[in-house]
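See below for the structure under consideration.
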Amino acid sequence: MTLFIPQFSFHVFDHPMSRGFQNRFSTQYRCYSVSMLAGPNDRSDVEKGGKIIMPPSALDQLSRLNITYPMLFKLTNKNSDRMTHCGVLEFVADEGICYLPHWMMQNLLLEEGGLVQVESVNLMVATYSKFQPQSPDFLDITNPKAVLENALRNFACLTTGDVVAINYNEKIYELRVMETKPDKAVSIIECDMNVDFDAPLGYKEPERRPQHQEEPTEEEADPPSYEDMDLGFRAFTGSGNRLDGKTKGIEPSPAPLGPSDIKRGIPNYEFKVGRITFIRNSRPLPRKTLDDDDAMNRFIAFSGEGQSLRKKGRKP
């Protein structure tokens with residue numbers, strides 16, 4: 001995924017000749033979380049990003065040192081040897097104090113009122129970053145990449161190993177920065193960055209059970225016998241009478257069904273839409289029995305003797 005994160009940058013006092021001779025800003029402050037910031041205005045927006053609030057004296061000193069804009073800083077906790085990088089949001093803090101997001105203080109292992117070293121740095125523009133959600137709940141978001149893209153607009157830089165926090169739908173999600181390119185600390189201001197996700201911490205792949213064909217049961221394996229079948233109604237199974245009194249071709253009871261007559265339906269694999277196929281089951285004609293042949297030989301139509309009204313040899 002490619003993220004384009006537009007942010008405002010200022011280029012005052014940025015003369016090309018002065019970059020080689022610029023001085024570095026480095027000072028030490030006591031840091032507090034944003035919730036300790038005095039004032040009527042709610043500054044919860046600071047917790048949603050990666051920027052800090054510094055005192056006005058820092059802005060005066062930075063403008064005299066001809067710092068390259070946008071301003072990026074390296075924060076170091078010398079007691080725990082932990083460091084991270086950030087941007088600056090405003091210069092309204094009390095002198096000697098800076099305010100940090102809570103997740104940044106956790107990465108630096110800082111407590112309220114702890115000392116932090118703030119130094120100005122120049123970082124390379126990011127081209128790639130990889131994140132690992134710290135909880136499988138992050139997968140419940142419908143479009144996690146779009147949520148991350150929107151959250152990173154409040155960040156100025158990323159540091160490999162940091163655990164950043166983003167706020168979405170009144171819930172905080174933590175993501176560890178697993179990798180950044182081309183350096184371990186990069187600037188994400190006005191950059192075209194490819195973003196990738198690693199498997200969330202504690203996530204387990206669902207087990208895929210192999211699909212085995214179900215073996216047919218004993219009832220399904222053998223076709224039902226004729227005795228077990230309910231024949232119901234069978235057409236033309238009654239007996240009939242001939243006008244001549246003969247019994248030719250009369251079956252008083254239906255012929256029993258054999259196993260070959262009981263077959264399961266077979267689908268027509270050559271079926272085509274719009275075509276109707278009529279299938280008729282043909283049955284062989286019954287063979288003539290000897291009794292039928294004898295009856296045919298005995299019966300001859302119009303073979304009886306007739307009577308004449310005039311007798312032979314008598315004259316009228």
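The values are calculated or read from the model by the stated rules, or taken from the named source; none is laboratory data. Keep in mind that what you see is a predicted model, and the values were worked out from it rather than measured. Every residue, glycine among them, receives a Cβ derived from its backbone with ideal geometry; neighbour counts consider all protein chains shown. Note: accessible area is taken over every heavy atom of the protein model, side chains too, but ligands, DNA and RNA are not part of it. Shrake-Rupley method; radii C 1.70, N 1.55, O 1.52, S 1.80 Å.
Given labels modelled 7 Å from the Cα in the Cβ direction, how far is it in nm from Ser26 to Thr277?
In this crude label model, Ser26 to Thr277 measures out at 8.8 nm.
Whenever you get a sec, line up Arg24, Arg310, Arg30, Arg43 from highest to lowest accessible area (probe 1.4 Å, protein heavy atoms).
Greatest to least solvent exposure: Arg310, Arg24, Arg30, Arg43.
Quickly rank 171-177, 48-54, 95-101 as a protection proxy: mean count of other C-beta atoms within 10 Å, highest first.
Top of the packing list down: 48-54, 95-101, 171-177.
What figure in square angstrom, to the nearest 10, would you give for the accessible area of Val118 with a 1.4 Å probe?
0
Whole-Hz Karplus ³J(HN,Hα) for the range 80-87, in order, using 6.51 cos²θ - 1.76 cosθ + 1.60 and θ = phi - 60°, x for Gly and Pro?
Karplus values, whole Hz, x for Gly and Pro: 10, 6, 10, 9, 8, 10, 7, x.
In vacuum, with every alpha carbon of the range 128-198 counted as one equal point scatterer, what does the Debye formula give for log10 I(q)/I(0) at q = 0.14, 0.27 Å⁻¹? Two decimals, please.
-0.38, -1.48
Just the Kirkwood number for the range 56-196, please: inverse of mean 1/r across all distinct Cα pairs, in Å, one decimal.
16.2
Hey, which of these cross-link pairs are over 19 Å Cα-Cα: Lys130/Lys184; Lys48/Lys145; Lys130/Lys181; Lys74/Lys184; Lys74/Lys130?
Pairs exceeding 19 Å: Lys74/Lys130.
With r defined as the distance between the Cβ atoms of Asp140 and Glu190 and R0 fixed at 35 Å, what FRET efficiency is calculated, to the nearest 0.05?
0.65
Could you order the peptides 192-199, 267-274, 130-137 from most to least packed, using the average number of other C-beta atoms within 10 Å per residue?
Sorting 192-199, 267-274, 130-137 by mean packing, highest first, produces 130-137, 192-199, 267-274.
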